[in-house]
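The values are calculated or read from the model by the stated rules, or taken from the named source; none is laboratory data. Please read these numbers as outputs of a predicted model, since none were measured by experiment. A quick note on method: Cβ atoms are made from the backbone with ideal geometry, for glycine too, and the neighbour counts reach across all protein chains shown.
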Amino acid sequence: MSTTQPIRDISHVRALTNYYLNLGQHRNHLLILFGLHTALRIGDLLTIRWRDVYDFGQKCPRKTLTIKEQKTGKSKTLALNAKIVKALKHSAATAKPHEFLFANPHTGKAITRTQARRIIQAAGEAINLPSGISCHSLRKTFGYHAWQNGISPAVIMEIYNHSNLNHTRRYLGVVQDDLDKVYMELGF
């Protein structure tokens, strides 16, 4: 069994982000955006309701999302960045507070993990990602690119709610190319 890897190539990340947007499939676009930009596990993403991310009284997206993680039981508050806010504004016109953000239009219930996996894998296949992609790839991609952009692994560990730095280090999917880059680019 292979380990899920992050999407390392930023052009692939951008293509994945834009795939459903270009098709006008806003729920699926939001799913990928939230997965990439919040680092939440898929089970936690699927529990989000519109009222959690959108202030219907003010008619605008919230600045933060507070969620209780299913796996750890810990409460977590995270900022919603400009890309998520823009996508929420675009999709909110027909939304109702009690509805799931990632709802099945036929049942009104949240889509299943299997449906989420299929949505993400279909986009990955459509943009010719070099290897298989899973829901967890989005979470790992967040950490990998945060690390590549100079964010401390200790901060990433806190975002992931990991209990030790070794777990986060393995999670980031550091490969020989990443190590070689340090040797080649670090100059004193």
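Every listed requirement among (1) under 24 Å from residue 12 (Cα atoms); (2) in contact (Cβ under 8 Å) with a residue 12 or more places away in the chain; (3) not acidic (Asp, Glu) is met by residue 82 save one, (2). Of the residues making up region 19-73, just one is over 23 Å from residue 105 (Cα atoms) and acidic (Asp, Glu), namely 69.
Scanning region 25-50 for residues that are in contact with a Leu (Cβ under 7 Å, 6 or more places away or on another chain), of a type in the set (Val, Ile, Thr) and more than 18 Å from residue 162 (Cα to Cα) turns up 32, 48.
The residue list 65, 36, 16 contains one member that is part of a strand (DSSP E or B) and under 14 Å from the mean Cα position of the chain (by Cα), which is 65.
Within region 48-73, residues that are in contact (Cβ under 8 Å) with a residue 24 or more places away in the chain sit with their Cβ atoms under 8 Å from residues that are of a type in the set (D, E, K, R) and assigned to a strand (DSSP E or B), at 6+ positions apart or across chains, in these pairs: 61/55; 67/76; 69/76.
Once region 78-109 is narrowed to residues that are surrounded by 13 or more Cβ atoms within 10 Å (Cβ to Cβ) and of a type in the set (S, T, N, Q), the residue that is nearest to the chain's Cα centre (by Cα) is 91. Taken over region 149-173, the criterion of being touching a residue at least 24 places away in the same chain (Cβ under 8 Å) and either farther than 18 Å from residue 3 by Cα or outside any helix (DSSP H, G or I) (or both) is satisfied by 159, 161, 172, 173. Somewhere in region 33-50, is a residue of a type in the set (A, V, I, L, M, F, W, C), at pLDDT 95 or above, more than 18 Å from residue 143 (Cβ to Cβ) and touching a helix residue (DSSP H, G or I) at 6+ places or on another chain (Cβ under 6 Å)? No, because not a single residue in region 33-50 is of a type in the set (A, V, I, L, M, F, W, C), at pLDDT 95 or above, more than 18 Å from residue 143 (Cβ to Cβ) and touching a helix residue (DSSP H, G or I) at 6+ places or on another chain (Cβ under 6 Å). Taken over region 152-188, the criterion of being closer than 21 Å to residue 80 by Cα, among the β-branched types (Val, Ile, Thr) and in contact with a His (Cβ under 9 Å, 6 or more places away or on another chain) is satisfied by 156 alone. Taking the criterion of being of a type in the set (A, V, I, L, M, F, W, C) and more than 30 Å from residue 127 (Cβ to Cβ), the residues of region 29-82 that qualify are 56, 60. For the residues 75, 134, 163, the requirement of being among the polar types (S, T, N, Q), more than 15 Å from the chain's Cα centre (by Cα) and at pLDDT 90 or above singles out 75.
Within region 118-156, the set of residues being within 29 Å of residue 182 (Cβ to Cβ), buried (at least 21 other Cβ atoms within 10 Å of the Cβ) and among the β-branched types (Val, Ile, Thr) comprises 133, 141, 156.
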